[in-house]
Amino acid sequence: MVLDSMTLDIVATMVAALLGAMLLYFGRQENTPALRWWGAAYILGAVAIALWTLVGELYGELVSLFLSAIGLIATAMVWSAARVFHGKPPSVPGLVLGPIVWIVSGMLFDPAAQALRLTVGAGLVVVYATLTAAELWQERRRTLQKRWLALIVPAMHGFVLMLPILLGNVLRDSNGAFAKAWVTIFSIELVLYAVGTVFVIFMLASERIVSAHKRAATTDPLTGLLNRRGFAEACGQLIEREARAQRPVSAMIFDIDHFKSINDRFGHAEGDEVLKLFASVVVNHLRLTDLSGRIGGEEFAALLPCSLEEAMVAAERVRGAFAASGVVCDDKPVDTTVSIGVAGGPAGTDLDVMLAAADTALYKAKRSGRNRVEASAELPLSLDRFRRQRAAAAVVVPQPEAAISG
């Protein structure tokens, strides 16, 4: 069965147009600019292939040259789409430089020098395919193991394009048999490349959406810190990693002093600003390896891969920075102080056990006058016993809520 090149071009046009419309639709539905760029590139490529197939030979070399340049613009748009996908601006010089090089070279070279023109055109497409692969590959540290497909698909496309150039001197194709076979192979590969690229695009976009939903589910929207769920999950991984290396970990609990009075005096909007300020203080005065999160209204927590002594120094650093922040609301100074409880444990200590011990130290800091850091004397033997002791203490020695919270 012999495949007609025009039939293959028509199939390629229809596939590219269909995939482009699908990408535009999903790009609009998901509000993803990169998908819209990819969709527009596919539709422009389909238009270029269709015009080149139908009227390219009727109007001579110059028209074919410009139609091929449109196809190169579509190829460059795929690269720009990959840039947009990673938060970069589209490359305007990249969109026009390749087509300009193609047009200039086509006008300067002898029309009979088909091999040379083929080399230039294939080389330009390979450059764009390489740039696209590099863009899609750059976030491999944070992605699924399937990211290697983003490199393989453009690489195979570039290989097929360069095949006649790589083998030209070897085959010495005097009767044009290899050229005809290569055109058929390239037409089939073009369809496979279009489908394969869309598969990679949807894989990456789906991964991005899942990651965004996961971040939303584990992040506190006000402060940008981890919420209770995200903090617990991240701490579990950190504790496991440090346990393998037999290194100690330490936990902190922060409670902003008299936070309820800030809300009562200045309103919840100003209270939210104080929470955001404290979150930034925590992030700026702890290390990059430390984890921090908002686990309650005005209550925050942190887990540090270090000894108790080092954690006490870090806690004091946070306390001092927050106290010196100098917040003013309605021309009145606001006391921004925080009480901090710190607990340390050997390698593999459970997070809940350390937080329970840090909570005990936090209550001690509040009873001792607030705006201070206290360390837990020891870890609770069991959480159940610790909770029963706390409940019994609350019954035997009841305290007003204002004295122990915010």
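Read the figures in this text as sums done on the coordinates, not as results from a lab. Just so it is clear, the model here is predicted, and its values are computed rather than measured. Virtual Cβ from ideal backbone geometry, glycine too; neighbours counted across all protein chains shown.
Annotations for the structure displayed:
- For the stretch 230-295, trypsin sites (Lys or Arg not before Pro) are listed when DSSP marks them as loop and at most 14 other Cβ atoms sit within 10 Å of their Cβ; the list is Arg287.
- Backbone phi angles across the stretch 302-308, fed through the Karplus curve with coefficients 6.51, -1.76 and 1.60 (θ = phi - 60°), yield HN-Hα couplings of 8, 10, 10, x, 7, 6, 4 Hz in residue order; Gly and Pro are listed as x.
- Each part gets one Cα centre, and for the stretch 310-335 versus the stretch 359-380 those centres are 18 Å apart.
- Under a 5 Å amide H cut-off, with hydrogens placed 1.01 Å from N, Thr337 pairs with Asp257 among residues at least 5 apart or on other chains.
- Ordering Tyr25, Tyr193, Tyr42, Tyr363 from the fewest to the most neighbouring beta carbons within 10 Å gives Tyr25, Tyr363, Tyr193, Tyr42.
- Full-extension gain in nm, Val96 to Ala323, via 0.36 nm per residue minus C-alpha separation: 76.1 nm
- In Hz, Karplus ³J(HN,Hα) per residue of the stretch 31-41 (6.51, -1.76, 1.60; θ = phi - 60°; x = Gly, Pro): 6, 10, x, 4, 5, 5, 4, 4, x, 5, 5
- Total charge dipole magnitude, the stretch 202-262, about the Cα centre, Cβ charges on Lys, Arg, Asp, Glu only, Debye to nearest 20: 160 debye
- Ala21-Val104 FRET efficiency (beta carbon distance; Förster radius 25 Å; 0.05 resolution): 0.15
- Anisotropy class of the stretch 279-336 from Cα gyration tensor, a/c 1.5 cut: prolate
- Estimated FRET transfer efficiency (His213, Leu116; beta-carbon r; R0 41 Å; 0.05): 0.20
- Estimated FRET transfer efficiency when R0 is 30 angstrom, pair Asp272-Glu316 (beta carbons, to 0.05): 0.70
- In order along the stretch 44-50, the phi-based Karplus estimate (6.51 cos²θ - 1.76 cosθ + 1.60, θ = phi - 60°) of 3J(HN,Hα) comes to 4, x, 5, 4, 5, 5, 5 Hz; Gly and Pro are listed as x.
- Cross-link pairs exceeding 27 Å in C-alpha to C-alpha distance, out of Lys214/Lys366; Lys214/Lys364; Lys276/Lys366, comprise Lys214/Lys366; Lys214/Lys364.
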